[in-house]
Every structure is written in C-alpha cells, then in structure tokens.
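Everything on this sheet refers to the single structure shown next.
The values are calculated or read from the model by the stated rules, or taken from the named source; none is laboratory data. Because the structure is predicted, anything quoted here is derived from the model rather than measured. Cβ atoms come from the backbone with ideal geometry, glycine included; neighbour counts cover every protein chain shown.
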Amino acid sequence: DNRLVGRDFLSLKNFSSDDIKQLLWTAIDLKTRIKENGEVFQPLKGKTAALIFQKRSTRTRLSTELGLAKLGGHACFLGPDDIHLGVNESVKDSARVLAGMADIILARVFGHDFLEILADEAKVPVINGLSDLLHPLQILADFMTLQENFGYIRGVKIAWIGDGNNICHSLMYGCAKLGVDLNVATPASYEPNHAITVEAMKIAGKTGASFNFGNDPVAAAYRADAIITDTWVSMGQEEEKQKRLKDFTGYQINRKMLKEAGGNWVFLHCLPRKQEEVTDDIFYGEESLVWQEAENRMWTVMAVMLHQLQPYRPTIPMPKF
Ligand code: CP
Ligand code: NVA
C-alpha cells in the first residue's frame, strides 16, 4: 500500500481516517518490533532528512534524529542560526537546494505559510514539525498513547482545557477524522481559530464526533476520559505572558477541578510544561501519561517518515482504533 508515499505531512486535515490509522498502526508495530522484540530494522538505510528549526525543540528534534537513525537513516539539524534561509536566501531557493540533497524535510516554523511554500517548492516530502497553526505530529503521539492505554481511541471522551492553539487545532482535526468526542474549554478570546473550527466541525458532522466549545473548564472536563492541556504561553508569545497568566485564571488543571468534573481520567500534555497550567500532583501522578506520550513522539514520526519513503505493511495485527 503506497498511498502515503511522497505525501507531505502538514495537517491531519489532508489525511483520511484510514491514513491516520495506518500511521498509528505502523508506529505501534515499530515500537513492538524495535523496542519490545529488540529487532534491528533499518529499511531507511542511506536515507536522509534536513531538519529546519526556527524555534527551540527537545522532543521534535530528538524524535526525528534518533527515530531516523533507528531506521538506518541520517538527519541533519539546522537551527535558526545555521542556514541562510530567511536571512540571506529565500524559502523558495533554500527549499530547492535542501530537496536536492535530503529525502525528507521537516520544519518547525512561525508562520504556517512558510511550510506551504516549502512543500510547493521542494520535490521531497515535507513534515510539519510545529507551526503557529498546527502540530499534527503531536496528535499522532497522543492518539497512540490513548490507544495503548484504553485499547481504542474512538469512544474515549477528550477534554481540551486551555489555549485554543496549534495543538488544540490539530487535536480538533484528529478527533474529527477518527470520530472522537471532544470538549474544548478556553478563556474568552482564546478560542480556536474560527476557520479551523468550522472545517473540523464539518468533518466531525460526517464521522459522528460530538464537539462542544465553551468557557467552562469543569463543564468540559465533565466525565471526560482524557484531560489534555498545553502551555498558556506558546513560543513567540513571550511578551504576552503577564496578560495570558491573568486571562487563564481558573484554567489550571488541579484535583479540585477534576473532582468537581467527576469521572476517571488520564492526563496528557505535549510538553514543555509550566507549573501554572497543571499542578505537580497531576503532572507527576499516576493518571499522567506524559512520559509515554513523549516517547511516542519518536515511534509516530518514524511511521510518518517510513510511509513517506516506501510502502510498509505492519507485522502485528491492526489494533482497534
Ligand atoms: N511537544 C513538542 O513538540 O516538544 P518540543 O517543543 O520539545 O519539540
Ligand atoms: N503550543 C506550544 C507547543 C510546544 C510544543 C508552542 O507552540 O509553543
């Protein structure tokens, strides 16, 4: 099955529910083969990736570099001060040069447009390593973690409590595609992007996912199976910090809030985490899946790269999604 070969991975919006399930299946398969069975599996020997980072990263960088190495390939990290791109050379020109040498380009950028130009100009597949609008790799890891924990994804009721940001947007697309129920609570004026909300709701209407939006964290968390949040101050928003901390009052994930909401839940956070958005007892507590989620960033980006470069059929039976 080669339907993912050569495709850019910029937004979950562009992938069918079967495509997303295929990527998750492969990620779980790679984890089983390489981690659990100790197999050396290097189908990407001789393949390379150029990684452009306009912002900092721990997980996205490491998961891609180490994940590609595990599959036999090699990634080259290009930080903000390392290349001409954007300073001395246009995106278009850099894209053409990088595509001449690398088999895949991954980019973490400020404006999402930058990724679109890169993808248009580069003849090799481009991966979104986070933009101001979207972070689809993170949602693959979150879904893989939920699958591992619950044994399925559709049927898990998710509550997003916090900023209507890039992670929230990709979560909306992911839930809409897979038919997963999602409640979103944000402070007023921090709601998710309107156009993305309309698109995601339209997809959700077709798959039967129930979406609710509001400004009440306890209502959103009511009987949720998974509570997800993120920082209140994303990269590039540092000068809004004081205002944001004030505006997000009441949004901290803590025991009192979740007691009021009732239910049994697990906790996810893409990291990096700050104390204001979640208390230590939850973040480090037994309901927290954050370390598994962080590790799954690697297995999922490996699945994306593998499918972009060649057809792959997992060795394990397809899990329930
Ligand atoms: N979750 C995530 O994307 O982390 P990094 O910023 O460390 O890559
Ligand atoms: N919303 C955060 C996610 C970091 C992984 C940011 O954009 O900085």
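Being of a type in the set (Gly, Ala, Ser) and without any contact (Cβ under 8 Å) to a residue 12 or more places away in the chain is true for just one of GLY179, GLY100. Which residue is that?
None of the other options fit; the residue is GLY100.
Within region 133-145, identify whether any single residue is over 19 Å from GLU293 (Cα atoms) and within 16 Å of ligand 1 (Cβ to nearest atom), and answer yes or no. Steps first, please.
First pass over region 133-145, keeping only residues over 19 Å from GLU293 (Cα atoms): 133.
Retained after the next criterion (residues that are within 16 Å of ligand 1 (Cβ to nearest atom)): 133.
Yes, the conditions are met somewhere in region 133-145.
Identify, from the list ASP93, ASP81, the residue that is closer than 22 Å to GLU238 by Cα, more than 16 Å from ligand 2 (Cβ to nearest atom) and free of Cβ contacts under 8 Å to residues at least 12 places away in the same chain.
Working: ASP93 fails: closer than 22 Å to GLU238 by Cα.
Result: ASP81 is the single residue among ASP93, ASP81 that is closer than 22 Å to GLU238 by Cα, more than 16 Å from ligand 2 (Cβ to nearest atom) and free of Cβ contacts under 8 Å to residues at least 12 places away in the same chain.
Would you please name the residue that is surrounded by the fewest Cβ atoms within 10 Å (Cβ to Cβ), looking only at residues in region 153-173 that are more than 15 Å from ligand 1 (Cβ to nearest atom) and assigned to a loop (DSSP other than H, G, I, E, B)?
Ranking the qualifying residues of region 153-173, first place goes to GLY155.
Within the set of pairs 6 or more residues apart or between chains, which connect a residue that is over 15 Å from TRP291 (Cα atoms) inside region 267-280 to a residue that is among the aromatic types (Phe, Trp, Tyr) with Cβ atoms less than 6 Å apart?
GLU277/TRP232
Go through (1) away from ligand 2 (no atom under 15 Å from the Cβ); (2) farther than 23 Å from ASP29 by Cβ; (3) within 13 Å of the chain's Cα centre (by Cα) one by one and return the number of the condition LEU271 breaks.
LEU271 satisfies all of (1) away from ligand 2 (no atom under 15 Å from the Cβ); (2) farther than 23 Å from ASP29 by Cβ; (3) within 13 Å of the chain's Cα centre (by Cα) except (1).
Yes/no per residue for (1) out of contact with any strand residue (DSSP E or B) (no Cβ under 6 Å at 6 or more places or on another chain); (2) buried (at least 22 other Cβ atoms within 10 Å of the Cβ); (3) assigned to a helix (DSSP H, G or I):
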position: LEU66; (1), (2), (3): yes, no, yes
position: CYS76; (1), (2), (3): no, no, no
position: PRO80; (1), (2), (3): yes, no, no
position: ILE83; (1), (2), (3): yes, no, no
position: LYS92; (1), (2), (3): yes, no, yes
position: ASP113; (1), (2), (3): yes, no, yes
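List every residue pair whose Cβ atoms sit under 9 Å apart, with the two residues 6 or more apart in sequence or on different chains, where the first one lies in region 204-233 and is in contact (Cβ under 8 Å) with a residue 24 or more places away in the chain and away from ligand 2 (no atom under 16 Å from the Cβ) and the second, anywhere, is charged (D, E, K, R) and assigned to a helix (DSSP H, G or I).
Here the result reads ALA204/LYS177; THR207/LYS177; ALA209/LYS177; VAL218/GLU260; ALA221/GLU260; TYR222/GLU260; ALA226/ASP142, each pair linking region 204-233 to a residue that is charged (D, E, K, R) and assigned to a helix (DSSP H, G or I).
For region 274-302, give me each residue that is of a type in the set (D, E, K, R), surrounded by 15 or more Cβ atoms within 10 Å (Cβ to Cβ) and within 16 Å of ligand 1 (Cβ to nearest atom).
Within region 274-302, GLU277, GLU293, GLU295, ARG297 qualify.
Looking at region 255-266, is at least one residue surrounded by 15 or more Cβ atoms within 10 Å (Cβ to Cβ) and within 16 Å of ligand 2 (Cβ to nearest atom)? I'd like the intermediate steps shown before the answer.
The first filter runs over region 255-266 and keeps only residues surrounded by 15 or more Cβ atoms within 10 Å (Cβ to Cβ), leaving 257-258, 261, 265-266.
From the residues that got through so far, the ones that are within 16 Å of ligand 2 (Cβ to nearest atom) too are none.
Within region 255-266, not a single residue is surrounded by 15 or more Cβ atoms within 10 Å (Cβ to Cβ) and within 16 Å of ligand 2 (Cβ to nearest atom).
Restricted to region 234-254, and to residues that are within 11 Å of ligand 2 (Cβ to nearest atom) and surrounded by 14 or more Cβ atoms within 10 Å (Cβ to Cβ), which residue is farthest from HIS135 (Cα to Cα)? Spell out how you get there, then give the answer.
Narrowing region 234-254 to residues within 11 Å of ligand 2 (Cβ to nearest atom): 234-238.
Narrowing further to those that are surrounded by 14 or more Cβ atoms within 10 Å (Cβ to Cβ): 234-235, 237.
Numbers: SER234: 12, MET235: 13, GLN237: 16 Å.
Among them, the one singled out is GLN237.
Only one residue in LYS35, LYS13 is farther than 28 Å from TRP291 by Cβ, surrounded by fewer than 21 Cβ atoms within 10 Å (Cβ to Cβ) and of a type in the set (Lys, Arg), so which one is that? Reasoning before the result, please.
Working: LYS35 fails: farther than 28 Å from TRP291 by Cβ.
Step by step, each of LYS35, LYS13 is checked, and only LYS13 is farther than 28 Å from TRP291 by Cβ, surrounded by fewer than 21 Cβ atoms within 10 Å (Cβ to Cβ) and of a type in the set (Lys, Arg).
Return a yes/no flag: does region 123-136 have any residue that is assigned to a helix (DSSP H, G or I) and modelled with pLDDT of 95 or more. It would help to see each step written out before you state the result.
Kept after step one, since they are assigned to a helix (DSSP H, G or I), are these residues of region 123-136: 136.
Applying the additional criterion that residues be modelled with pLDDT of 95 or more yields 136.
Checking region 123-136: at least one residue is assigned to a helix (DSSP H, G or I) and modelled with pLDDT of 95 or more.
Suppose the filter is over 23 Å from SER234 (Cα atoms) and in a helix (DSSP H, G or I); does ALA176 pass it?
yes
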